[in-house]
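K.L.:
Pasting in a structure now, in structure tokens, and then I'll have a few things to ask.
Taken together, the values in this text are just the output of simple stated rules run on the coordinates, not laboratory data. Owing to the predicted nature of the structure, the values given are computational and were not obtained by experimental measurement. Here the Cβ is made from the backbone with ideal geometry for all residues, glycine too, and neighbour counts use every protein chain on show.
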Amino acid sequence: MEIIEKLNLKIDKLVHEYELLKRENNMLRQDLEDLKNKNDELERNNQDMLLRIDSTLTFVEAKHIAK
């Protein structure tokens, strides 16, 4: 009977550790998703900035040619 109790305790401990790891995994997945979203936002901002720079350069060149 003592062996069964020890095994049950070990099983309970493993189940508990599994639940903790599962929760941590979910939190890490959410962090990863948040980072992906932030990265996408930064990429869009960079593309917008490059388009503005390109537009400004085109405008300046056109203004320079018109003189």
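K.L.:
Positive end of the charge dipole of the chain (Lys, Arg +1 and Asp, Glu -1 on Cβ, about the Cα centre): tell me which of L21, L7, N46 has its Cα farthest that way.
P.N.:
The listed residue farthest towards the positive side: N46.
K.L.:
Note the angle between two axes, namely the Cα long axis of helix 2-66 and the longest principal axis of the Cα atoms of the chain, as a number of degrees from 0 to 90, rounded to the nearest 10.
P.N.:
Around 0 degrees separate the two axes.
K.L.:
Here are labelled values, (i) 14.9; (ii) 17.1; (iii) 12.3, and one is the computed Kirkwood radius over Cα pairs in Å for what I pasted. Which one?
P.N.:
Entry (ii).
K.L.:
Grab the other residues whose beta carbon is less than 12 angstrom from that of E41, score K and R as +1, D and E as -1, and report the net.
P.N.:
Once positives and negatives cancel, what remains is -1.
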